[in-house]
Each structure stands twice: as structure tokens, then as C-alpha cells.
Amino acid sequence: MALTQATRKKLVTLALVGPAGLWLGLFLVLPFIAMVVFSFGRRAPEGGYQAAFTFEQFANLGSRAAAFANTLMLAPVGALACLLIAYPVAYYLAVKAAPRHRLLLVSLVVVPFWTSLLVRTYAWMYLLGARGIPHLLELIGIENVRLINTPMAVLLGIVYGYLPLMIMPIYVSLEKLDRRLLEASADLGAKPVSTFFGITLPLSLPGVMTGLALVTILLLGEYLIPQLLGGGKVFFIGNALVDLFLQSRNWPFGSAIAVTLVVVVVIVLTIAMRIAWRFAGTRQVDLV
Amino acid sequence: MRALVTSVYVFLYTPIALIVLFSFNAGRNASEFTGFSTEWYGKALSNAFLMDALQNSLVVGLVSATLATLFGTMAALGLERVGPRMRAIFDALFAAAIVVPGVVIGIATLVALVQVFGIANGALAAIWPGDAPPKLALGFGSIIAAHGMFTMALVTMIVKARIASLGRDIVEASSDLYATPMTTFWQIVLPQILPSVLAGFLLAFTFSFDDFIIAFFVAGSKTTLPIYVFASIRRGVTPEINAIASMVLVASLILILSARLLMRDGRNTATT
Amino acid sequence: MSKKHLENAPITASQLTDEFMRLKKGSVSRRHFLGVTGLGLATAVLARFPGAQNAAAYAAGDLGTQMSIATWPNYHDPKTFENFQAATGVAVEVNVFGSNEEMLAKIQAGASGWSLFVPTNYTISTYQKLGLIEELDLSMIPNFSQESENPRFTDQGKIDGKTYALPKNWGTTGFSVNTSKIKTPMTSWKDFFEIAQTEADGRAMVHDYQLTTIGSALVALGYDFNSIKADELAKAEELLIQVKPHLFAINSDYQPSMRSTDAWMTMCWTNDGAQLNRDMPEIAYILGKDGGEIWTDYYAIPKDAPNKAAGYALLNYLMDPANAVKEHIANGAPTTDSRVIALLPAEVTGNKIVYPDEAALTPLEFGAAVTLTDPGRAELMARFKSA
């Protein structure tokens, strides 16, 4: 076997990236192409897919306007609500907490994220249902409060589910912050408030943007939380999709909505990146 | 600020405490505590379907995470060696894999596989000599493929970031000292990237173990633990579910804490 | 059961259809109907089929150790499956669905994994047409007795003379009302949709599938339950979308919410209505006097069932009147089998939720097969949910 050095090197490279390329090709690119093809098809009489070339699925997108609007509103609002709670916690962990407790406290933030979101959301179904918090409110004289199956319940579930994912990137960016900067600022007579707005906040912006983008993108495809805490009334695009495949069996329309959802995600991501570049002054926004 | 942070921890842990509490409920209702008992742990462990679902989730998680870690790490290393054009294509694909919502991955995989299986099964039936041609169907294979596709992208991202922080000088130094590429890899590169590879594996496994929406579409007749739990929520949760959730919680707690301790040790030895 | 009924000879199918039409028109009493059709013949029939309750019929063939069944929430006595496992060694996994549409989607999307499932009357012809269910081998189900069944409820399981599905039980779709929370008396679907927007604001539930949710809205507007006319559906959509902001949830599993009093009123099947009323007497079950659904749920075996032998064994086990009667007492849905009626305690046969007067049944209709596949109804439901 007389392989030249260059051929050998190429073969090794191919062996290294080949499997990954094949996997992505078969289970990312091919399915996406299939979905695009389906989105131009027609619903078969009994449901499912019938080959055709028509734009009627895309023309019908307007009938899901409410689901799109719901998602496009609750996703960023949910992400912002997460941010409002996450920032102080991340700040505390990175700056205020005693170093010997830090590892434990940070781990405690991560642990819920590593346990089943399904089970944790179920616990909220109980807490928000009539036997949970409304029952406690009844004991102090507030009757007939309804919490479950409201947009507020879904928002709460969102904040609960995604809080750890928001805390971590902010914590990481704050942890990297050079403490000497803060000390210098204080030494130069800056008030804590102006130190925070002048130094801490700007330097933690990459983490904030990462968290916001990450949570918003995940929320755009959310299904479980609105399903369990929204009672089928608070509808996300994810729910509309599941409905189209598992109830009305309209695969072409479902595919058209899925394709549109991907486009929406790409747009949101692009906007997030633009904002990140402008405010954080960096092109390094890690998503993972 | 302390009060706020404390209340966030309370917020995070109240539902979890509730799950654990009700796993010790004597009654069969998961919403009214009637007395202390550990019987549901026994029931959960002897429930064939629950154990099946747990086993399925473990198998899918381990296989998909192992493959994802192997191929993802290989890709991260290989991408150092390819041209900028190829690199950009791979970067875009990996980014797409991470950014595309799970519900879309599930649907697209379902749509594609149902078509492919339809054609393949027709062809198989035509050329098969025997009476009962093998039939391709959704199941373990499709869940592992869909989970692994996504988690491989995660692993590649994490390992690539680590390689980027390593710098090339260390590898070049090794080659300068006439080490073979293999020696360089095993003695220099691998130990350096190992923590990130392990972190990637852990993340991949957890994602797969916890995923509901992708498996919901592509699992066929197989039941994973999240699918089982989702179905139980519909037919009325018994404390069995709480018991299994508590056991999984304790297991992942041990796993995470030991992993974090390991990584801290790794980082300490790396920096000191 | 009165002595008079025992003297009735079995009647032919055409006679039965006549009797049934008369019952639907309201010109015949339910007691007369039950008597004539043989539903009242329980003891006599039981005497005629001495082997029917023999549980040893499934020794033949390897049944494996596991099977799964797809069915509805709160629809079986959990003990049934425990006993079946004890008798045969086969553990039964119970998959619960919220609608026939969902079951069909699951089967259409590839392997379902079920060896037995419980489709409703209006779906059988579609399953058969799509080749998703197989003709039943009645020799594998010796416990089933055609003679003791009421053809009113078995007809839709047969297509071109072949049996594709056997009846589990029949029932109605009405609504349950927590009368300690809602004081206004209600008698119709018109009332249901009005109260849902006023006294029960934020506390009413509707089903998560097209047939009854759209059907009941159509009925409330004075249209046909099974209508697929575009203009009538448009009116129904208008009503549903107007009601939606006032609803508590769109969900076919309403028992937990009714029990916790999160919800005060819900669209409801007989069996759930009976179970709720049994445990919480303040929850009344009401049939719309303006219309609504009467239905039969069937057992069928999917063509790709992974464990057909066990599917047949369980079906045969469930057709045994001794087991069916326990199921009946646990879930509260009325039986189609006169042998089971004979074994029921008087408080069940006398329960007006389970066995309503024929006058209450007269306005009700069976769901039509066309509603299952009609794209207009499917899309209306999906639009309503995502509105």
C-alpha cells in the first residue's frame, strides 16, 4: 500500500468527520428536505400526506396566527421574566457568595435542570390546581381563585423550567469578571450603583444575551408546559404542530408550519445576534 | 438580595420536595397525603412496564450518548484538518441541529422515516425469498438516531471550544519532538480534551434520558420513561411515578455532584 | 326482569332494525325494546350457553408475557388486568387516549404496538377501509355470544357480513354539572354553551376532539350533530370561538379537574358521568334534550398487532360475562350483552345515568363515519384550539 502522505492525511480526516457528516445528512438534512417537500403536498382523504405541488398549506398559515402570536409573545416575555429573576441569583453566586459554598450553590441551581421537566411540571399542575395554592388561599378567605390553565400558569411554568438555563450563562460571564476592576472602581470613589451599571452589567452582557437567546429559542418550540399548565387553551406553535400530526392528521399543513417555525427561529436568532454584537461589542456569543 | 436568592431556591425546590413527599404517600392518589409508606417504591420496581420504560430510556440514552460522543469528538478533531469551506458547512449544520426545535426534529424525522420505510419495506417484500420479509419500523433505532444527531452537535460544540482554547503550539511541540501523530493524540491531546468529552457525554445522556417530544413522534411502539410519565399524567398519576422520579433524582444528584467534583479536580490539576 | 320477557323468542335482524327505528322515533318504550331485542333475556341466555364463563379457553398457543391495549381514561377495572395476568401470565400495558382521531393518527404514523384497542363506532369503517384492522376470528373468542348481543350496538362492527370489531359497551355523551357550584338548571346543549359563558365562566370543559365538541355546538344551534355543511360548521366555529375564552380547558380527561372542583361543568361520557356522580353526588349528568351522541365502543385488533394471540385471549377474557360485569360495575358504561345485564345489581340497572329512559335517548345520534375524515371538521377543531 503506497499511499502518499497527503492521501493518507485526507483519508484520516474523512474517517474523522465522515460519520458525523453522514449522521447529519441522514437525520437532519434529509428529514428537513422531506418536510419541505411535504409542505407543498395535500392532506390525503383519510389524513396523512398526498403528493402534490400546491401553496395552499402556506396560504393557510394565517389560520394559526393566534398560535404564532402567542408563541412570539410568551417566548420573549418568558425569557425576560427568567432574566429578571436569574440575574440577581447569578450575581449573588458569582460575586457575593462565599467561595467555599459556591460549588454547592451552583450545583443546586443545575440539579433541577437535570431532572425530568415533565415530572416537575406535573408538580406544578398540583400546586396550581384547586387542591394546591387556591386551597391555601381559601383558608385565608380568598375563594374561587383559578390559577391553572391560564397564561400566568404557563408563564410560571416557563420561568420555573428555564431559570437554570438563564442563571448559568450569566453566572459564567460574571465569574470571569476581573474583581480587580470592581475594586479599582470602588477605590476611585464610584458608588456601588454606578460600578454595577458602569462595569458589571456591560461585562455580563454576553452571558445575558446568551441566556436570552437560548431560552427564547427553546421556548419557540415548547410543547409540554403549555400542554400541561395551559389546559389546551394556551396554545404554542409546538402545540399546534402536535395537534396537526396527532389529531387532525394534516401532515402537509403541519410540515408547512414546522418549516415556518424554523424560519422564525432563524430570524429571532439573527436579531438576537445583531443586538448582542451592538451591545456587547463582541462577536463571541456562545450558544452552548 | 440574600432573601431573594433564598426564595428562588425555595421556588426551585418546592415542586421537587412535593414529588419526593408524595412518593411516600400511603394512598394511591398523588394529590392527597394520607400517611407514610414506602410501598410505592416496591410497586414501581415490580411494575414491568415502568421498568421496561426505564430500561428503554437507559439503553437509548447510553447508546445515543456513546455514539454522539464518539462521532462528535472525532468530528471536532477532524474539523481542525479540513478546509475553510467544509468547515463552514459543518459549523452551519451543527448550529442548525442545535437551534432547530425538538418538535420540528421529531416531526421531520417521522415524516422522512415513514416515507423511507414505506419504500424500503416494499422493496424488501419484493426481493425477499421467504414468506415473512423483515419490516423496518420506528423504534429504538429511530429514537437513537434522532437523539444522537442533536446531542452529537452538542458534543462537537463543547469539544471544539476546548480544542480552540488549547492552541496548536502544544501539538506542534509534540510533533517537533518526533512523536508520531498517534502518540501525540493519546498522550497530549486526549488528556487535555477529556473533561470536555465527559461533559459532552453527560449532557448528551441527560438530554436523551429526559427528552419527551422527539421520542413522542419517532418511538413507534416503544415506550421511554418520559412517554410513560406523560401517559400516566393522562390516566391519573399514582405515587409510583413519584417514586421512580425520586429515584432518578437521587441517581442524577450523585452523578452530577461526582462529575462536578471530578471536573474541579481536573481543572485544579490543570491549572496548578 | 319480568317473566314476560323470558317468553320472547329471538327475533330476526330485520325485525330488530324495525324495533330500533321505532325506539329511535320514540314510539316504543325502552322496556319493550329491551324485551323484544333480547336484552332482557339474560337468564335464559345464560342457561343456553353454559360454557360461556369457562375461563380455561386460552390454554392453546403461547401468549407471551406482555401486550398493550389502547383505550380511554377511567375505562377499565384495574383488577381486570391483574386477574388476566394471574390467569394467563400476560401483563397488560394500558395506553390511554383522548380521542379516536388520536388513535387513528398513531396507527397511521407506523407501528402502534397495540394488540387490542377500543375504537368507537364511527371509526370502524375507516380502519377497515385503510386496512388497519383485521377480520376477527370468532373461533378464538368463544365467550362472545352473538345471540345475547343487541344488534343495535353490534351492527357497526360488521362490514360486508364480516366481523371486524366486537362491542365493549355503549353510552351517551352528555354533560356533567357540579350543582353545588352552578344553580341554574340545565337541559340542553344550548344551555351548556350559555352557562359556560356566564355562571360557569372559566370553569367549563369541552372535549379535545372534533366529533362531540363540534357536534354539540351544532346541536346547540339547532343543526345536525353530524353535519359537514360548510355554512353550519362556520356557525358552530363562531360559537366555539366565542365560548373559548370562557372555558377552563379543552381536554378529554376531565375527571381530575371535576373532582378537584377546578372545573364545574364538562362535556362527559356516560361512564365518567356515573363515576363522578357515584363519588360526588352533587355532580349531575345531563343529556341534551336538543340532541347529542349515542355511541358504542368496540374492541378491535390492529393488523400489525405484535401479540395477536394475547390480544385475542384478552378479548375473549373481556367477553366473559363474569369479567364484563365487573368492568361494568367499575366503569359504569351500559352493556350491549344481555348476559351481563342479568348479573348486574339492581342499583346499576336502575341508575338513570347508565340506563336512561328511552325518551332521553331519542334525540341522540350515532357519530357518522364521515366526520372522522372530513377535512373541514378536522381543521375547524384545530383552528378552535389554536384560536
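Condition check ((1) in contact with a strand residue (DSSP E or B) (Cβ under 8 Å, 6 or more places away or on another chain); (2) surrounded by fewer than 22 Cβ atoms within 10 Å (Cβ to Cβ); (3) at pLDDT 85 or above; (4) more than 11 Å from every other protein chain (Cβ to nearest Cβ)) across all residues:
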| site | (1), (2), (3), (4) |
| --- | --- |
| B:ALA153 | no, no, yes, no |
| B:GLU172 | no, yes, no, yes |
| B:SER175 | no, yes, no, yes |
| B:TYR178 | no, yes, no, yes |
| B:VAL197 | no, yes, yes, yes |
| B:THR206 | no, yes, yes, no |
| B:ASP211 | no, no, yes, no |
| B:PHE217 | no, no, yes, no |
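So which of A:GLY221, A:GLY157 is of a type outside the set (A, V, I, L, M, F, W, C) and in contact with a Leu (Cβ under 6 Å, 6 or more places away or on another chain)?
A:GLY157
May I ask you to say which residue of C:ILE353, C:ILE329 is away from chain A (no Cβ under 14 Å) and under 27 Å from C:ILE141 (Cα atoms)?
Only one candidate qualifies: C:ILE329.
Find the residue count for segment C:107-119, including only residues that are more than 9 Å from chain B (Cβ to nearest Cβ) and buried (at least 23 other Cβ atoms within 10 Å of the Cβ).
Matching residues across segment C:107-119 total 4.
With the structure loaded, tell me whether A:VAL89 is in contact (Cβ under 8 Å) with a residue 40 or more places away in the chain and under 22 Å from A:VAL172 (Cβ atoms) or whether it fails that test.
Yes, satisfied.
Does A:PHE32 count as among the aromatic types (Phe, Trp, Tyr) and within 8 Å of chain B (Cβ to nearest Cβ)?
Answer is yes for this residue.
What is the residue count in segment A:126-153 for residues that are within 12 Å of chain B (Cβ to nearest Cβ), touching a helix residue (DSSP H, G or I) at 6+ places or on another chain (Cβ under 9 Å) and assigned to a loop (DSSP other than H, G, I, E, B)?
Total meeting the criteria: 3.
Report yes if some residue within segment C:198-217 is in a loop (DSSP other than H, G, I, E, B), small (Gly, Ala, Ser), within 13 Å of another protein chain (Cβ to nearest Cβ) and touching a residue at least 40 places away in the same chain (Cβ under 8 Å); otherwise report no.
Yes, segment C:198-217 contains at least one residue that is in a loop (DSSP other than H, G, I, E, B), small (Gly, Ala, Ser), within 13 Å of another protein chain (Cβ to nearest Cβ) and touching a residue at least 40 places away in the same chain (Cβ under 8 Å).
Would you check if there is a residue in segment C:157-168 being among the charged types (D, E, K, R), in a loop (DSSP other than H, G, I, E, B) and more than 19 Å from the chain's Cα centre (by Cα)?
Yes, the conditions are met somewhere in segment C:157-168.
Of the numbered conditions (1) surrounded by 18 or more Cβ atoms within 10 Å (Cβ to Cβ); (2) closer than 25 Å to B:LYS222 by Cα, C:ASN143 fails exactly one; give the number of that condition.
(2)
Does segment A:106-139 hold any residues that are of a type in the set (Phe, Trp, Tyr), free of Cβ contacts under 8 Å to residues at least 40 places away in the same chain and under 19 Å from B:ASP211 (Cα atoms), and which are they?
A:TRP114
Please determine, by comparing only the residues of segment A:19-55 that are outside any loop (DSSP other than H, G, I, E, B) and among the polar types (S, T, N, Q), which one is farthest from B:MET74 (Cα to Cα).
Per the criteria, the residue is A:GLN50.
So which of B:SER221, B:SER258, B:SER252 is out of contact with any Gly (no Cβ under 9 Å at 6 or more places or on another chain), modelled with pLDDT under 85 and surrounded by 15 or more Cβ atoms within 10 Å (Cβ to Cβ)?
B:SER252
Within segment C:357-385, which residues are free of Cβ contacts under 8 Å to residues at least 24 places away in the same chain and not aliphatic (A, V, I, L, M)?
Those that are free of Cβ contacts under 8 Å to residues at least 24 places away in the same chain and not aliphatic (A, V, I, L, M): C:PRO375, C:GLU379.
On the basis of being within 30 Å of A:GLN247 (Cβ to Cβ) and not β-branched (Val, Ile, Thr), does A:ARG8 make the cut?
It is false that A:ARG8 is within 30 Å of A:GLN247 (Cβ to Cβ) and not β-branched (Val, Ile, Thr).
Of A:ALA90, A:ALA75, A:ALA98, A:ALA123, which residue is within 12 Å of chain B (Cβ to nearest Cβ) and modelled with pLDDT under 85?
The match here is A:ALA98.
Suppose we filter segment C:327-355 for residues that are surrounded by 18 or more Cβ atoms within 10 Å (Cβ to Cβ) and among the small types (Gly, Ala, Ser); how many remain?
Residues meeting the conditions: 4.
Of all the residues that make up segment C:141-156, how many are among the β-branched types (Val, Ile, Thr) and in a helix (DSSP H, G or I)?
1
Is there a residue being crowded, with 20+ Cβ neighbours inside 10 Å, in contact with a Leu (Cβ under 7 Å, 6 or more places away or on another chain) and farther than 25 Å from A:LEU261 by Cβ anywhere in segment A:143-154?
yes
Regarding A:LEU108, is this residue surrounded by fewer than 20 Cβ atoms within 10 Å (Cβ to Cβ) and at the interface with chain B (Cβ under 7 Å from one of its Cβ atoms)?
yes
Among the residues of segment C:175-190, is there at least one that is part of a helix (DSSP H, G or I) and either at pLDDT 95 or above or crowded, with 24+ Cβ neighbours inside 10 Å (or both)?
yes
Kindly indicate which of A:ASN149, A:ASN144, A:ASN60, A:ASN70 is touching a strand residue (DSSP E or B) at 6+ places or on another chain (Cβ under 8 Å) and either of a type in the set (S, T, N, Q) or under 22 Å from B:TYR9 (Cβ atoms) (or both).
Matching residue, one of A:ASN149, A:ASN144, A:ASN60, A:ASN70: A:ASN149.
Only residues that are more than 12 Å from every other protein chain (Cβ to nearest Cβ) and surrounded by fewer than 23 Cβ atoms within 10 Å (Cβ to Cβ): list them for segment C:251-273, please.
Of everything in segment C:251-273, nothing turns out to be more than 12 Å from every other protein chain (Cβ to nearest Cβ) and surrounded by fewer than 23 Cβ atoms within 10 Å (Cβ to Cβ).
Residues that are farther than 30 Å from A:LEU84 by Cα, within 13 Å of chain A (Cβ to nearest Cβ) and under 21 Å from the mean Cα position of the chain (by Cα): find the helices (runs of 4 or more DSSP H) completely inside segment B:1-114 holding 1 or more of those.
Because the criterion is at least 1 residues that are farther than 30 Å from A:LEU84 by Cα, within 13 Å of chain A (Cβ to nearest Cβ) and under 21 Å from the mean Cα position of the chain (by Cα), the helices (runs of 4 or more DSSP H) in segment B:1-114 that meet it are B:48-78, B:84-99.
The values are calculated or read from the model by the stated rules, or taken from the named source; none is laboratory data. What you are looking at is a predicted structure, and each value in this text was computed from that prediction instead of being measured. As a convention, Cβ positions derive from the backbone with ideal geometry for all residues, glycine included, and neighbour counts pool all protein chains shown.
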